[in-house]
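The values are calculated or read from the model by the stated rules, or taken from the named source; none is laboratory data. Bear in mind the structure is a predicted one, so any value in this text is a computation, not a measurement. Every residue, glycine as well, gets a Cβ built from its backbone with ideal geometry; the counts of neighbours run over all protein chains shown.
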Amino acid sequence: MASQDLVEFAVKTVAQTAVAQEKEFCELDAVVGDGDFGYSLARGFEIVVNDWDSLDRSSASAFLQKVAIVVTSRVGGTSGPIWGTAFMRAAGAVRGKTDLTGADAVAMLRAAIEGIKQRGNTDLGDKTLVDALVPATDALEAALAAGASPADAADAFAKAARSAADATTSMIAKRGRAAYTGERSIGSPDPGAVAVAVIAEAIAANWPQAAGE
């Protein structure tokens, strides 16, 4: 499978997972938030799924940019700008490139992380999706540097994301509506971090088949 096809596979998995896990993500968010995280994600990403065949595929960058526009405009609350920025920054990281590598995947993730940090005024330790995405990206980069296959690297990414998402349970939320609850935010994982883990696991579970391995 060509590298751009793998980008499309990853994005479609993100979109389908966001739609399928709407109820679960809402329930997580309802513990200390307003309970609309899953709803907001699902409403935006279902547009991505429904408009899939009409999305610009002239390049991986153009494709990601189009997805970013849809997500930014259709995902409600603060999630739209944050997730949309992530896709837009990922698009910028591979602008002008055709044959993408594992290093490009890491570069897209790093760019997305920096975009999220800036847009959300957040960093590691604030109990957000960043707390899952950074360790997962570190694990992916390390696995690729060690010569792991794409499937094994995706598995390392997923396992690190899950471990990091679980670790947010003991954190105090410092951003978003959950931050207003203070210490009451301790005891439940961050919904965004869990979403990253669930999406990463879905990508890893289907990666061998998608990549023809």
- Subset of the range 140-170 (residues that are out of contact with any helix residue (DSSP H, G or I) (no Cβ under 7 Å at 6 or more places or on another chain) and either surrounded by 20 or more Cβ atoms within 10 Å (Cβ to Cβ) or at pLDDT below 95 (or both)): Ser149, Thr169, Ser170
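Would you kindly identify the helices (runs of 4 or more DSSP H) lying entirely within the range 51-123 that contain at least 2 residues that are without any contact (Cβ under 8 Å) to a residue 24 or more places away in the chain and closer than 25 Å to Ala148 by Cβ?
On the way: elements: 60-74, 79-93, 102-120.
Hits in the range 51-123: 102-120.
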- Quick one: which of Lys127, Lys97 is modelled with pLDDT under 95, of a type in the set (D, E, K, R), over 12 Å from the mean Cα position of the chain (by Cα) and at positive phi? Lys127
